[in-house]
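**Q** Provided herewith is a single structure, encoded as structure tokens, for subsequent inquiry.
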Amino acid sequence: MSKKKSISVKTVGVNETAGIFGARDIAQIALLAAIIIVLSITPLGYIPIGAVNATTIHIPVIIAGVVLGWKKGGIAGFIFGMTSFIRATFVPNLTSFLFSPFYPGGNFWSLVIAFVPRILIGIGAYFIYKGVYFLLGKTPSPAKRSIASAVAGFGGTMINTLLVMGMAYLFFAQKYADAIGKDISLVGSAIVAVITGNGIVEALIASVISAGVCSALLVAMRFRN
């Protein structure tokens, strides 16, 4: 009986690795969804700065990618994208056309901007973490986990910022210029200012939080690298 039980437990582990979500996986995703939704409906998640929102809501997505893997990181990013879409549709600001086709000026590319960069946050954070951890050597250590998590936090944030602002320039340059009250010739420099201003600040905050939270969770959940 004990031998059969052991085989059963091993099978569950293989299924989880293969991507079949069990009860624990569903519980983790539900918890992530709850955190992201709470952030999205409170001032903690979206902080208005001029025509754009500085965000902290991407940080749980980064943590999900690093700690739970790229699949759950992608799911967390999708949930983040959904909150962006809903907020832009029902609680709009000057640039909500970037995230909702239902806001005046929005179109199909609004959905791409709302979802694709967000999904790639968690996926990118996972692979950045793994890559940095590998480059730091094979011996596990708290310092390595913290450094890799910090770089993943910074990188995941910049993936989102660069993709959102880059696509804003490619697909909505004139509308963005009208929204911020500038000539279209100045849109490029305005977007660069957002990336180097808000984007870098968000990335540094995410880096610090990820270094502490991810490292602790990886140990608590007994993840092996």
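**Q** Note down the magnitude of the dipole of the stretch 86-211 about its Cα centre, charges +1 on Lys and Arg C-beta and -1 on Asp and Glu C-beta and zero elsewhere, to the nearest 20 debye.
**A** The dipole of the stretch 86-211 has a size of about 480 debye.
**Q** Let me ask something additional. In a Gaussian network model over the chain where Cα atoms closer than 10 Å are linked, find which of Ile57, Ile41, Ile128 has the largest mean-square fluctuation.
**A** Taking springs between Cα atoms under 10 Å, the residue moving most is Ile41.
**Q** Once you've got the GNM for the chain with C-alpha springs shorter than 10 Å, pick whichever of Gly166, Gly156, Gly73 has the biggest mean-square fluctuation.
**A** Sorting by GNM fluctuation, first place goes to Gly166.
**Q** Something else about it: Taking amide hydrogens as modeled 1.01 Å from N in the peptide plane, which residues meet the under 5 Å criterion relative to Thr55, leaving out close sequence neighbours?
**A** Correct list: Ile47.
**Q** In addition: Using 1/(1 + (r/R0)^6) with R0 = 35 angstrom and r between the beta carbons of Thr42 and Lys182, what's the FRET efficiency to the nearest 0.05?
**A** After rounding to 0.05, the efficiency reads 0.70.
**Q** By how many degrees, 0 to 90 and rounded to 10, does the Cα axis of helix 59-68 deviate from the longest principal axis of the chain?
**A** 30 degrees
**Q** Mind counting lysine pairs for me in the chain? Cα separation below 21 Å, and the two need to be 8 or more apart along the chain or on different chains.
**A** The result is 5.
**Q** Work out how much length Gln174 to Leu135 would gain on full extension: take 0.36 nm times their residue separation and subtract the Cα-Cα distance, in nm to one decimal.
**A** 9.7 nm
**Q** Compute the acute angle (0 to 90°) between the alpha-carbon long axis of helix 142-180 and the principal axis of greatest extent of the alpha-carbon atoms of the chain; round to the nearest 10°.
**A** With rounding to tens, the tilt is 30 degrees.
**Q** Roughly what angle does helix 23-40 make with the longest principal axis of the chain, taking Cα atoms, 0 to 90 degrees, to the nearest 10?
**A** 30 degrees
**Q** Projecting each Cα onto the charge dipole of the chain (Lys/Arg +1, Asp/Glu -1 at the beta carbon, about the Cα centre), which of Ile191, Pro60, Ser146 comes out farthest on the positive side?
**A** Ser146
**Q** Something else now. If I stretch the segment between Val192 and Met221 completely, what's the gain in nm (0.36 nm per residue apart, minus their alpha carbon distance), one decimal?
**A** Stretched fully, the Val192-Met221 segment lengthens by 6.5 nm.
**Q** Read through the labelled values [x] 1.01; [y] 1.05; [z] 1.23 and report the label of the one computed as Rg/Rh (Cα atoms, Kirkwood Rh) from the structure.
**A** It is the value labelled [y].
Just so you know, all these numbers are worked out from the coordinates, no wet-lab data involved. All of these numbers come straight from a predicted model, not from anything done at the bench. Using ideal geometry, Cβ is built from the backbone for each residue, glycine included, and neighbour counts are taken over all protein chains shown.
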